[in-house]
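**Q** First the structure, which I've put down as structure tokens, then a few questions once you've had a look.
The values are calculated or read from the model by the stated rules, or taken from the named source; none is laboratory data. Since we're looking at a predicted model, the values are computed, not measured. In this analysis, Cβ positions are derived from the backbone assuming ideal geometry, glycine residues included, and neighbour counts consider all displayed protein chains. Side chains are part of the model used for accessible areas, which takes the heavy atoms of the whole protein and leaves out ligands, DNA and RNA. Shrake-Rupley method; radii C 1.70, N 1.55, O 1.52, S 1.80 Å.
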Amino acid sequence: RLQESRERLSVCSKLCYAVGGAPYQITGCALGFFLQIYLLDVAQLDPFYASIILFVGRAWDAITDPMVGFFISKTSWTRFGRLMPWIIFSTPFAVISYFLIWFVPDFSRGQVMWYLVFYCIFQTLVTCFHVPYSALTMFISREQSERDSATAYRMTVEVLGTVLGTAIQGQIVGKVVTPCIESRLFIGKTNSSVAMEELNMTHDTGSLTDTRNAYMIAAGVIGGLYILCAMILSVGVREKRESSELQSDEPVSFFQGLKLVMNHGAYIKLIAGFLFTSLAFMLLEGNFALFCTYTLGFRNEFQNILLAIMLSATLTIPLWQWFLTRFGKKTAVYVGISSAIPFLIMVAVLDSNLIVTYIVAVAAGISVAAAFLLPWSMLPDVIDDFKLQHPDSHGHEAIFFSFYVFFTKFTSGVSLGISTLSLDFAGYQTRGCSQPSEVNFTLKMLVSAVPVGLILLGLLLFKLYPIDEEKRRKNKKALQDLR
């Protein structure tokens, strides 16, 4: 009992640990919702080049997860710990690179390389923060109950981080009206077309400076929060070397462990199901700002609609936690994720209506909460099933989590690149006050028809997932007997 009391974490320590999860979610949410519209309408890049930046950045982000995990495993202990130095030293460089993503350089040639390089640098540095932070759970206490409690604090703060990222970026940028240019067809019908075009361009350039400044102010605020959270984490949490002592007698190499994990059927089926449902919500996230601005015509309201989605998701996570414990996780997947389908269809079919859009946003947030919570709730069940099938193989937990993140990020990069390329083929007009009907149709497909199809495909794949509630209870009992 004395030893357990020494291992018990204070509420302050748990809160300090939880705060460390906010930077990844705040920056990720701001980039996910706003980077595409920023590259197209503020930096004024060609949609083809914007698609390359989005794809390569996400793909590189996916590759860095297992790379950083491998290098961390080779890191020696210091007086600050083994993980904390990665968090401390990556923070200032991550903040600088994040700020430079939202900066428009004066030169026109080389802008694509500017955004591509700093986007990839930031993704690398934020991975150097988040991977050791995720692994820190195993180094704060030897007590499983204390780790679970700290993780619950962390998930709460991470969900609040998504709301904070949406609110800060959206409200600061939303205060400034981004200028737009009337289509050339409309200008050509006027008598003094050249003079009118020159007048519009002069006005637009001045106003666009305000929009660019707003994006940089938002980046500065988020960067300040990033540094503050990193300081609280490093001061309030102590990394304990003795907490990481493994019970395995003979550790298996990384590549042997990877081969075992990838041959585990339940893991592959779970990844396949969540891959398609996650892609559906990522497509919605990446294109929603453009859809609200051009297809629905809510140019000055989209930041509030995004905030409604994230607030709804935050408030309904406890509901889904109760639902999955009461009715089972597979049932929660079918009910939670499929509930988005009628509302996604409604927003594309019905005429533009602000009240209906807010209702759809709140309903979509309920499904977003289920999609956010369920993968992290079901992955431990797969790991338990793996341990029963391979009782002599230990220490593969990081592989399960890191490669789920890897596949999700990589495929989301592919989907975002393809979606931006689709807008280019449809004739997207950079900074246009309105878009051709082909672009509006493409946006409807990207936020409605394609996500609905991906969700249905993911739910069909979940039929193959073998771990239901009965199987999960049997595995739990068998593991207790094995221990």
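**Q** Is it the case that some residue within region 347-355 is under 27 Å from L39 (Cβ atoms) and in a loop (DSSP other than H, G, I, E, B)?
**A** Scanning region 347-355, I find at least one residue that is under 27 Å from L39 (Cβ atoms) and in a loop (DSSP other than H, G, I, E, B), so the answer is yes.
**Q** Here's a follow-up. Part of a helix (DSSP H, G or I) and over 30 Å from Q256 (Cβ atoms): is that true of I72 in this structure?
**A** no
**Q** Of the conditions (1) more than 26 Å from S412 (Cα to Cα); (2) at pLDDT 80 or above, P251 satisfies every one except a single condition; which number is it?
**A** (2)
**Q** Looking at this structure, is Q303 open to solvent by less than 20 Å² (accessible area, probe 1.4 Å) and assigned to a helix (DSSP H, G or I)?
**A** Yes: the conditions hold for Q303.
**Q** I need the helices (runs of 4 or more DSSP H) fully contained in region 396-483, keeping only those with at least 1 residues that are among the charged types (D, E, K, R).
**A** 397-426, 437-444, 469-482
**Q** Inspect all residues belonging to region 450-468 and state whether any of them is surrounded by fewer than 18 Cβ atoms within 10 Å (Cβ to Cβ) and small (G, A, S).
**A** Yes: one or more hits.
**Q** Oh, and also: Quick test for you: out of S149, S141, S108, pick the one residue that is of a type in the set (G, A, S), in contact with a helix residue (DSSP H, G or I) (Cβ under 9 Å, 6 or more places away or on another chain) and outside any helix (DSSP H, G or I).
**A** Of S149, S141, S108, the one residue that is of a type in the set (G, A, S), in contact with a helix residue (DSSP H, G or I) (Cβ under 9 Å, 6 or more places away or on another chain) and outside any helix (DSSP H, G or I) is S141.
**Q** Name the residue, out of S419, S402, that is open to solvent by less than 40 Å² (accessible area, probe 1.4 Å) and more than 17 Å from G32 (Cα to Cα).
**A** Only one candidate qualifies: S402.
**Q** Follow-up question, since we're still on this one. Test E146 against the stated conditions and say whether it is among the acidic types (D, E), open to solvent by less than 40 Å² (accessible area, probe 1.4 Å) and under 22 Å from I227 (Cβ atoms).
**A** Taking the combined requirement at face value, the residue does not satisfy it.
**Q** Right, A348: of a type in the set (G, A, S), under 25 Å from A449 (Cβ atoms), more than 23 Å from the chain's Cα centre (by Cα) and not assigned by the TED database to the domain that holds V173 or not?
**A** yes
**Q** Hey, another quick one. Considering each of I72, I53, I88 in turn, give the residue that is outside the structural domain of I399 (by the TED database), under 21 Å from the mean Cα position of the chain (by Cα) and not acidic (D, E).
**A** Result of the check over I72, I53, I88: I53.
**Q** On to the next question. With (1) surrounded by fewer than 15 Cβ atoms within 10 Å (Cβ to Cβ); (2) touching a residue at least 24 places away in the same chain (Cβ under 8 Å); (3) in a helix (DSSP H, G or I) as the list, and T331 as the residue in question, which single condition is left unmet?
**A** (2)
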